[in-house]
Ligand SMILES: Cc1cc2nc3c(=O)[nH]c(=O)nc-3n(C[C@H](O)[C@H](O)[C@H](O)COP(=O)(O)OP(=O)(O)OC[C@H]3O[C@@H](n4cnc5c(N)ncnc54)[C@H](O)[C@@H]3O)c2cc1C
């Protein structure tokens, strides 16, 4: 029996453990199903290349997060990087974000984007969709050329059914003057939460989580996969036959798994909800090759002809991500249907497009790695907005806090994962 049990050793679970110990509290146990910690912040080493589970870049927008990093890492182990990211459409590279970097696009596109922005109107209705939000904030031109095709690709979901509650700091807003400036000339202004970031000099993003975990005294119990959670008797059962009683449970495993794995007599309304929680999956393909494939950090692809929504370049985050004289790239495409039978076909098409776009001679390819991220982007539909807060509140009545990106079923960053771990500890240990 441990007073507090933590499920999952991704950044949120590790942060909860760190903050418990910071308060001098050691009567807790942390369990993780994989052999290694890190969750989505794991890294794979293959043939001298390091690949993360797609680009994982540390953005610092919060004062406590900065202070936490000062306590846990040495900033000298990280590169401090200013974003070089682009959008590729109509055979043109424009800087990201699209809305303030129209320069270089066909005149008709620029005219439609600016006119649409000027003519945009407030949409007066309850439960606005993400599409309504785009039309209201950016107008029909930006919707047509960037937001609609790009967001439908990343979410694999009809954006007229997507709610707008997640947009917050993820979609940078701007002014007409800034848009016109960016349409007339190359714009040096950088906006958005990801204009600057830090990234480990070596070891990929997993280096970062490992540095935090090094500060924790209690061991992480790896290879412990949750099989059932008995809310009433407060017991977690694991697939290896072990079990653990708890007084408080901090769970960071995906909420749909948790609900599906509740012991039947716990509460029926809760586990019936699991099937309504929607989340897409991402296929992340990685290529390590001879020579330098690009000097950019990443590129967004809104157009339908490209199956991927983004391609990025590991060696530009840190030169140690690839052996000397080599470079590496990653691409991402998403799908909603859990068993998408066309995945292999889409992957093949994606690789062929990547070879063409970046003039890759297949003879120069040293290694390739395909990673499936089963839970990637939570779908913010109106069902989620209404019911997830209710579900989380019901769980709290059993002393269960379901937190983190997938525990709270939300769109959030590594910074937020650390803050979520701190917040729950501050609530439990007063
Ligand atoms: C495509 C993509 C790109 C991203 N890029 C960025 C970025 O650039 N910058 C950024 O800040 N954030 C980024 N993120 C978000 C970031 O990955 C998450 O915010 C962060 O990993 C959330 O941490 P977590 O601990 O809540 O979840 P996770 O990292 O998913 O950790 C949950 C842990 O629970 C474990 N677990 C699951 N099921 C069980 C079970 N049954 N039993 C026991 N353990 C279990 C898992 O193995 C995992 O270790 C990105 C996310 C995605 C999907």
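The values are calculated or read from the model by the stated rules, or taken from the named source; none is laboratory data. Just so it is clear, the model here is predicted, and its values are computed rather than measured. Neighbour counts are summed over all protein chains in view; Cβ atoms, including those assigned to glycine, are modelled from backbone coordinates with ideal geometry.
Is it the case that the stretch 136-152 has a residue that's outside any helix (DSSP H, G or I), crowded, with 20+ Cβ neighbours inside 10 Å and without any contact (Cβ under 8 Å) to a residue 40 or more places away in the chain? Spell out how you get there, then give the answer.
Taking the stretch 136-152 and keeping what is outside any helix (DSSP H, G or I), we get 139.
After this cut, where a residue has to be crowded, with 20+ Cβ neighbours inside 10 Å as well, the list is 139.
Subset that is without any contact (Cβ under 8 Å) to a residue 40 or more places away in the chain: 139.
Within the stretch 136-152, one or more residues are outside any helix (DSSP H, G or I), crowded, with 20+ Cβ neighbours inside 10 Å and without any contact (Cβ under 8 Å) to a residue 40 or more places away in the chain.
For the stretch 179-206, enumerate the residues that are touching a strand residue (DSSP E or B) at 6+ places or on another chain (Cβ under 8 Å) and at positive phi.
Hits for the stretch 179-206 are 203, 204.
Can you go through 30, 14, 44 and tell me which one is within 15 Å of the ligand (Cβ to nearest atom), within 27 Å of residue 298 (Cβ to Cβ), at pLDDT 95 or above and in a strand (DSSP E or B)? Walk me through it before giving the result.
Values: 30 fails: within 27 Å of residue 298 (Cβ to Cβ); 14 fails: in a strand (DSSP E or B).
From the options 30, 14, 44, the qualifying one is 44.
Residue 171 fails exactly one of the following numbered conditions: (1) within 16 Å of the ligand (Cβ to nearest atom); (2) over 30 Å from residue 106 (Cβ atoms); (3) not in a helix (DSSP H, G or I). What is the number of that condition?
Here residue 171 meets the rest and fails (2).
Check whether at least one residue in the stretch 373-383 is in contact (Cβ under 8 Å) with a residue 40 or more places away in the chain, within 23 Å of residue 257 (Cα to Cα) and in a helix (DSSP H, G or I), and report yes or no.
Within the stretch 373-383, one or more residues are in contact (Cβ under 8 Å) with a residue 40 or more places away in the chain, within 23 Å of residue 257 (Cα to Cα) and in a helix (DSSP H, G or I).
Among the residues of the stretch 99-130, count how many are part of a helix (DSSP H, G or I) and either over 30 Å from the mean Cα position of the chain (by Cα) or at pLDDT 95 or above (or both).
To start, the set of residues in the stretch 99-130 that are part of a helix (DSSP H, G or I) comprises 99-100, 107-119, 130.
Next cut, either over 30 Å from the mean Cα position of the chain (by Cα) or at pLDDT 95 or above (or both) only: 107-119.
Counting residues in the stretch 99-130 that are part of a helix (DSSP H, G or I) and either over 30 Å from the mean Cα position of the chain (by Cα) or at pLDDT 95 or above (or both) gives 13.
Can you tell me which of (1) touching a helix residue (DSSP H, G or I) at 6+ places or on another chain (Cβ under 9 Å); (2) farther than 26 Å from residue 198 by Cα; (3) within 16 Å of the ligand (Cβ to nearest atom) is the one residue 304 doesn't meet?
So the condition that residue 304 fails would be (3).
Quick check, is residue 371 modelled with pLDDT under 95 and either crowded, with 17+ Cβ neighbours inside 10 Å or within 11 Å of the ligand (Cβ to nearest atom) (or both)?
Values: modelled with pLDDT under 95: no; either crowded, with 17+ Cβ neighbours inside 10 Å or within 11 Å of the ligand (Cβ to nearest atom) (or both): yes.
Against the criterion (modelled with pLDDT under 95 and either crowded, with 17+ Cβ neighbours inside 10 Å or within 11 Å of the ligand (Cβ to nearest atom) (or both)), residue 371 does not qualify.
Working carefully through the options 253, 198, find the one that is crowded, with 21+ Cβ neighbours inside 10 Å and under 26 Å from residue 11 (Cβ atoms).
Details: 198 fails: crowded, with 21+ Cβ neighbours inside 10 Å.
Step by step, each of 253, 198 is checked, and only 253 is crowded, with 21+ Cβ neighbours inside 10 Å and under 26 Å from residue 11 (Cβ atoms).
Being in the same structural domain as residue 292 (by TED's automatic domain parsing), under 30 Å from residue 409 (Cα atoms) and crowded, with 17+ Cβ neighbours inside 10 Å is the requirement here; does residue 351 meet it?
no
So is residue 164 surrounded by 20 or more Cβ atoms within 10 Å (Cβ to Cβ), farther than 23 Å from residue 79 by Cβ, modelled with pLDDT under 90 and not assigned by TED's automatic domain parsing to the domain that holds residue 305 or not? Before the answer, list the steps.
Values: surrounded by 20 or more Cβ atoms within 10 Å (Cβ to Cβ): yes; farther than 23 Å from residue 79 by Cβ: yes; modelled with pLDDT under 90: yes; not assigned by TED's automatic domain parsing to the domain that holds residue 305: yes.
The answer is yes for residue 164.
Could you list, in sequence order, the residues of the stretch 385-407 that are out of contact with any strand residue (DSSP E or B) (no Cβ under 6 Å at 6 or more places or on another chain) and under 25 Å from residue 210 (Cβ atoms)?
Result: 403, 404, 405, 406.
Does residue 162 count as closer than 28 Å to residue 128 by Cα and away from the ligand (no atom under 16 Å from the Cβ)? First the steps, then the outcome.
On the way: closer than 28 Å to residue 128 by Cα: yes; away from the ligand (no atom under 16 Å from the Cβ): yes.
Taking the combined requirement at face value, the residue satisfies it.
Would you say residue 65 is farther than 30 Å from residue 324 by Cβ, within 15 Å of the ligand (Cβ to nearest atom) and within 22 Å of the chain's Cα centre (by Cα)?
yes
Yes/no matrix, rows are residues, columns are (1) surrounded by 19 or more Cβ atoms within 10 Å (Cβ to Cβ); (2) away from the ligand (no atom under 13 Å from the Cβ):
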{"residue": "377", "(1), (2)": "yes, no"}
{"residue": "380", "(1), (2)": "yes, yes"}
{"residue": "383", "(1), (2)": "no, yes"}
{"residue": "389", "(1), (2)": "no, yes"}
{"residue": "395", "(1), (2)": "yes, yes"}
{"residue": "408", "(1), (2)": "yes, no"}
{"residue": "411", "(1), (2)": "no, no"}
{"residue": "414", "(1), (2)": "yes, no"}
{"residue": "418", "(1), (2)": "yes, no"}
